[in-house]
Amino acid sequence: MKRAMIAATVIMFCAGRGLTAENSPAIDRKALVTRHNIEWNDVAGEIPLGNGEFVFNADGTGLQTYGGNTMSHWGWHSAPLPAGCSAADVPTTGTVEKGRIAGPMRKAAERAVLDEWMFQNPHSMNLGRLRLLRADGTMLETKDITHLARKYDLWSGLHTSGFDVDGQAVRVETCVHPMLDLVAVRVESALLYYGRLVVVLDFPYPNVQGGPHWAGNWDHPEKHGSNMVMANSNNRADIHRTADASTYTVSIAWSKDCAPICPATAVYFTPWR
């Protein structure tokens, strides 16, 4: 009874001190959100730009020059079954466990290879990466990026990076669509105009190991495929991706009236139907 009385007293006290709808001040939501804007001038530091269903991890360049993955809720991959195994060998539950699991999941020694496959599949896959490279294909070293000023505006969802490469200014704006699996990028620099820097889109073979900076295996192009189809307009291309049974489409669109010095590009990822 004493405990119940104390609890009731606390509840009544909080209610008595609360503000009513009539006299409570309006919340400045924009001010509340933007005071937590991220300013992180680490060229390799990754900030996730997403909408709850899709994420584009951007590093200090506003792209994925030094690290970062592009993933979605539907982007999953399973490697082929081990030799000698078929789909009938895989339990519908995806595990050899039966009944209540009381500890770490066990493995059946007689099917160790299949057990390992079940532990690793399916796994999420990196849908692709956008990087800033030199025109000859060589990577920019982190020391090549100077005077970095980077901000992620949480209210607008716009990630802005300004930095110098070889003494020339580069400005990159990046954002993710609030509903679609789409990332939009705008890059401004004389280095693009003179062909000294390029923005590259490439794809990995999805696997569970990945690497220290990007998920996936970038060393085996024979394991996956990309078939590009130009759309009817001159400013769009569709890339059909296949990796084992996983398929999806990447649509790339760029501004019609955009000068080479400031290309604007949108990359849209969708399941291939």
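Worth a mention:
- The chymotrypsin sites (Phe, Trp or Tyr not before Pro) found in the stretch 115-193 that occupy coil by DSSP, while having at most 14 further C-beta atoms within 10 Å, are W155.
- Förster radius 51 Å - calculated FRET efficiency between W74 and Y194 (Cβ-Cβ, nearest 0.05): 0.80
- Neighbour cut-off at most 16 other Cβ (10 Å), DSSP loop, trypsin sites (Lys or Arg not before Pro), the stretch 25-56: R35
- Model label sites at A169 and D219, defined 7 Å from Cα along the beta-carbon direction, differ in position by 4.2 nm.
- Remark: the stretch 158-237 carries a charge dipole of roughly 180 debye about the Cα centre, counting +1 on each Lys and Arg Cβ and -1 on each Asp and Glu Cβ.
- Neighbours of R129 by Cβ distance under 11 Å: Lys/Arg scored +1, Asp/Glu scored -1, total -1.
Every read-out reported here was derived from the displayed coordinates using simple, explicitly stated rules and does not represent laboratory data. None of the values given here were measured: they were computed from a predicted structure. Cβ atoms come from the backbone with ideal geometry, glycine included; neighbour counts cover every protein chain shown.
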